[in-house]
Each structure stands twice: as C-alpha cells, then as structure tokens.
Amino acid sequence: MTNDMSQGPSMRPSRHGGGQLSYEQATAAAQLSQSLPVLDVDDLPQQHNIPVITFDHVTKVYPAAPNKPALSDISVEIYGGEFVFLVGHSGSGKSTFIRMLIREVKPTSGHLYVADEDLTTMRNWRVPYLRRNIGCVFQDFKLLPNKTVFENVAFALEVIGKSRHVIKTQVPEVLRLVGLQDKLNKLPDQLSGGEQQRVSIARAIVNRPPLLVCDEPTGNLDPQTSRGIMDLLERINATGTTVLVATHDREMVDSMRRRVLALDRGTLTRDQNRGVYGFDA
Amino acid sequence: MRSIVYFFRESLRGFTRNLSTALGSIVTIFLSLLIIGIFLIGGLVVDNVVSGVEDEVSITAFVADDASDSDIQSLSRYIEGLEGVASVGFTTKEEALENFRQTSNSDIVDTLDGQNPLPASIEVELSDPQLVEQVAQQILDNATFQTICDNPEDPAESLKYGQQTVERLFVLTNYVRYIGIALIVLLIFIALVFINNTIRLAILARRKEIAIMRLVGASNGFIRGPFLMEGALHAVIGALLAIGILELLRYLVLPKVQSALMFLNFNVSNESFLLIYLTLAVSGLIIGLIGSAFAMRRYLKV
C-alpha cells in the first residue's frame, strides 16, 4: 500500500502488551487511518516493527530564542502498544516534543510522522481529526469548572459530534475504568487532585484513541496518588493503547522500568529499554 | 442537525452570559438598520415625488383678462400643433380661483371680497417632458401670445413651467443620496465593530472551553458555529426591531406627513417596503456573520 492508509496495522494494539484484542480496541485503532480495509490481525506478525510515531531529524527553533533550539535533530521511533517515558529537566524540550505530536507547533526542519501521516505537511483542517486519535493529559487537568465529572467527559464526545446514545454508554464505562463511577455528578473542585487527574484521563481515552500522551500527569500530585495514576496508565497501556508520558518523577520511572527517552537541552541523550530516570538530582 | 441545535443552545447561553454587551450590539445593529431603513424609504419617497413632478411638467400661459376668445382659440390651436404637446386646456378666472381655494387656505379667498385677481390661463400638457423648454420658447415667440398675455411688457413672466423645480429637486435628491450612502457605510462599519467586540468578549469568556475543544479534536466549524450563530442572532433581532419601528413609522407618521404636504405624492408600494425590509434583514445577517467571523479569526489558528 502506498497511500496514507498504510499505517493501519501499526495502530493495532500490540499483543506484546498482554491484553486481549477487543473489537472496540481494534476499531479505535483503525480510526486513525480512517476506514481502511480491515486486515486480519493474525496476518501481521511483525506489527511491532511499524512505528506509530516517527521523529526524523526533527529540529524546533522558537523565534524568541533563535540560537537555542528547543529540540535539535531528534530521531526516534515509538511503536504501537509501547509505554514510553520522556524524561528531562525543565526546559529540556519535553513539552515541545508533546506539543509537536498534537501539532500545536510545527517542526522547523525534519519530518514528524504520526501513524504514517506527515505532520509537517498536514493540512490545517485535518488537524482536528489527528487530535481525535490522540488522547491528551496535562499537569493542570484542564477541566471545565462549571461542568460535572460526567459532563466534562461527555464534552469531549459531544464536540466531535458523537450521538447521545454513544455518550450515555461510553462515559459511565470509562469513568468506571478510572474508578470514579460514584462521582459522576460532582464538580471538579469537589474532587481531590488525583481524582481530577483521573477525570482528565477518562476524558482523554473516552474516544478510545490509539495513542495517549501525558505531559507531567503527576506533577501536581503526591507520590501515593501518582502511583495510582501510573497504575491506571499501565492498565490503559495493557489494552493496547500506546502511552507516552513526559515526567520528571524519578521514583516512578525507576520503579516501572519502561522504555525511557531522555532529553537534555533539546537533544536526545538516551533511549533505553527498561530504563531508569538517570539524571543526577 | 444535532450540531445546529447545539449551536443554537450555546448562542442563547452566550446571551445570558454577556447580557450587556449582547444588548449593546443588538441596539447598535438596530439603530444602524433603522437609520439605513429611513434613508431607503426617504429615498423612495423623494424618487416618487420627483417622478410625480416630472410627470406633471406642464406649461401654463397666463392670459390677460381682456383677451378675445378668438385670439385664445387660435393660440390654442397653434400650441396643439407643436411637437411634444399632448393636450391643451383652458382655465377660466373662476376655475383658477376654485383651484386656489382647494389647494390653499380658503380664508385667504374669503378676504378677497368677491374680487378675483387670478388670470385665466391656457394649460399645456406635454407628452414628452424633455421638450418643455422648446415648446415654451415656441409659445413665447408666437405673436398672438405676445399680445394677449397677462403681462405684455414681459411675456416670459406670463409663461410658467416646472423645469426649474425639477432640476432643483434632482440636485437636492442627489445630495441626499450621497449623504445617505456615506452614512450607511459608516453605520455598517460601526455595527461591524460592535458585533466584532461582542463576539470577542464571548470568546474570551469561553477560551478555556475552546482550548479543550481544540484539544479533543473538535473541528473548527464546530467551534466557530455557536459564535457565528450568536452574531447572526444579534443581527436578526436588531433587524426585526428596526423593521418593527419602520412599520410603525409607516402607519403612524407617514400619513400625517402626507396630509400636511398634500400636493406631494408619498404613496410607496407595499412591494417596495417589503424589498426594503428584506434588504435590512439580509444586510443585518451579513453584518452579524462577518463581524463574528472576523472576531473568531485569530482565536482559531490551529
């Protein structure tokens, strides 16, 4: 296949992730490539080798700091079903890395592919459809304070035009998954920080995106609560979703032993399977 | 379809959220459209009056009281033969007085104590108003007219025709038209600025929501929808108010003006009014949409 549909298999949940393939996951994965012919998963023995995210010599220079690139010459591949930590000090380029994935910023040079689609040449009107396939979680939760937990999660489905029926079935389901089935009608400020982050995770995955990107998801939380959030992210990863977590939570990275990408002043200094945080305190 | 309902619900919510600015833009649109409407109707009325006057371009040749019937008749026959003349009539002194009594204050007539200062006249209706100058000159050159005219020292004084009035009216209406167009452009600009401002405030109040909408992949059209709808809603309400007031003016004020200025024709057809109202509604809608689209532009960069 030569067209842009060819990324389909790469978004399939990895069997290495250990989870069983459900029909929904397969559909969610297929969404990224938009209605391509469904291939039999068993015919795809080497799906792990097809990257979901490819950075190809990506450099980003902000106009405000022309001599100090936020990212310089990054080349890395992230595969379907992986759980990846992105570590580095403040200002090392983690956020730029994440913002580039959802095409909030464009690379200055190089190419960036998400599911084989080149974000550097992507048309603006396509961007919303890209974002529907990438769940996003941020340090500051980004919840709407005047909407209840249910409404906050439902909002994500509402604004991409999902039917009331889909909302009514999918939202309680995802809230059960994050353990908030009893707090549907609470407002965000009636919840603890950890619970609020769970709501924002629920919102990020309610549309069943094949890729979940988290920017400092535990930055505002205590270690105990952070552990809970990480468990949740691991469970989501186990269903086949590719998870990328930017963090500087040393303990977490060291205890989980997942693939680690380390950024230092804009350059990729380390790419390590079952890695550790590694920077000196 | 569902999203249309959503847009509508959200735009109504925007109303209550920002009542004062919403009212501000509605009132601005309303006043602008009202003034535009008044100018359009005024223009129509003036056009009507002008064409009425033009239709009525006629030549009146005043005849001396002692003119003989045969002279009058030969002059009438001569005028009838001229190019561009439709008909020739004769108004006696008594008829002239009666006409005067009807179109003016009858008290003045009563103070005349039975005397009649008005001259008899030959009325010339023209088939082609453009030829009025030529016909008038030919009458003036006629020897019979020069002897029997009301004022033999200056025959031109006894010949009245409406050309000057028409020309002056045209100059006036042109001025009114230019001022009207300038004013309309200015008003549309002001209305645009106001709508733009209102929608910008509405966007500012919801920028967190917009950020999340963009994050979860709402299409730009979907994000824009409620704001465009809100702008359009303000405009339509403003337009309806303007149309309502104009309709009120039409039924309450116009008849009064008409009765005060009886000699002018103020009758504007229903179709013209309908057309004006339609123009107002559509231009209001366009102002609303453009104003809010403009406000959205910088907030929707991907």
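The values are calculated or read from the model by the stated rules, or taken from the named source; none is laboratory data. Only a predicted model underlies this, so the values are computations on that prediction, with no experimental measurement involved. When we count neighbours, we look across all protein chains shown, and the Cβ atoms used for this are built from the backbone with ideal geometry, even at glycine. For the accessible areas, the whole protein counts, side chains as well, though only heavy atoms, and no ligand, DNA or RNA atoms are used. Shrake-Rupley method; radii C 1.70, N 1.55, O 1.52, S 1.80 Å.
Entry remark, region A:180-217: residues being outside any helix (DSSP H, G or I), more than 14 Å from chain B (Cβ to nearest Cβ), closer than 23 Å to A:N133 by Cα and open to solvent by 10 Å² or more (accessible area, probe 1.4 Å) number 1 in total. The residues in region A:141-166 that are open to solvent by 10 Å² or more (accessible area, probe 1.4 Å) and more than 11 Å from every other protein chain (Cβ to nearest Cβ) can be counted, and the count is 5.
Tell me, please, whether a residue that is at pLDDT below 75, in the same structural domain as B:E83 (by TED's automatic domain parsing) and more than 28 Å from B:Y78 (Cα to Cα) can be found in region B:123-130. For region B:123-130, residues at pLDDT below 75, in the same structural domain as B:E83 (by TED's automatic domain parsing) and more than 28 Å from B:Y78 (Cα to Cα): absent.
Taken over region B:202-254, the criterion of being farther than 23 Å from B:S32 by Cβ, β-branched (V, I, T) and touching a residue at least 40 places away in the same chain (Cβ under 8 Å) is satisfied by B:I210, B:I223.
Counting only helices (runs of 4 or more DSSP H) that sit completely within region B:64-119, those holding 1 or more residues that are more than 41 Å from the chain's Cα centre (by Cα) and assigned by TED's automatic domain parsing to the domain that holds B:T147 correspond to B:69-80. More than 14 Å from chain A (Cβ to nearest Cβ) and either open to solvent by less than 10 Å² (accessible area, probe 1.4 Å) or touching a strand residue (DSSP E or B) at 6+ places or on another chain (Cβ under 8 Å) (or both), is that true of B:G217? No, not satisfied. Screening A:S226 on (1) part of a helix (DSSP H, G or I); (2) within 14 Å of chain B (Cβ to nearest Cβ) shows it passes everything except condition (2). Considered as a group, the residues in region A:115-140 that are basic (K, R) and more than 8 Å from chain B (Cβ to nearest Cβ) include one that is least open to solvent (accessible area, probe 1.4 Å), and that residue is A:R126. Please go through region A:61-114 and give me each residue that is of a type outside the set (K, R), touching a helix residue (DSSP H, G or I) at 6+ places or on another chain (Cβ under 8 Å) and within 14 Å of another protein chain (Cβ to nearest Cβ), ordered by number. Listed by number, the residues that qualify are A:I102, A:V105, A:V114. Among the residues of region B:220-252, those that are away from every other protein chain (no Cβ under 11 Å), open to solvent by less than 30 Å² (accessible area, probe 1.4 Å) and either touching a strand residue (DSSP E or B) at 6+ places or on another chain (Cβ under 6 Å) or not hydrophobic (A, V, I, L, M, F, W, C) (or both) comprise B:E230, B:G231, B:H234, B:G238.
Of all the residues in region A:144-153, those that are under 16 Å from A:V174 (Cα atoms) and either of a type in the set (F, W, Y) or in contact (Cβ under 8 Å) with a residue 24 or more places away in the chain (or both) number 5. Name every residue in region A:236-281 that is β-branched (V, I, T) and in a helix (DSSP H, G or I), in order of residue number. Residues satisfying the conditions are A:I236, A:V253.
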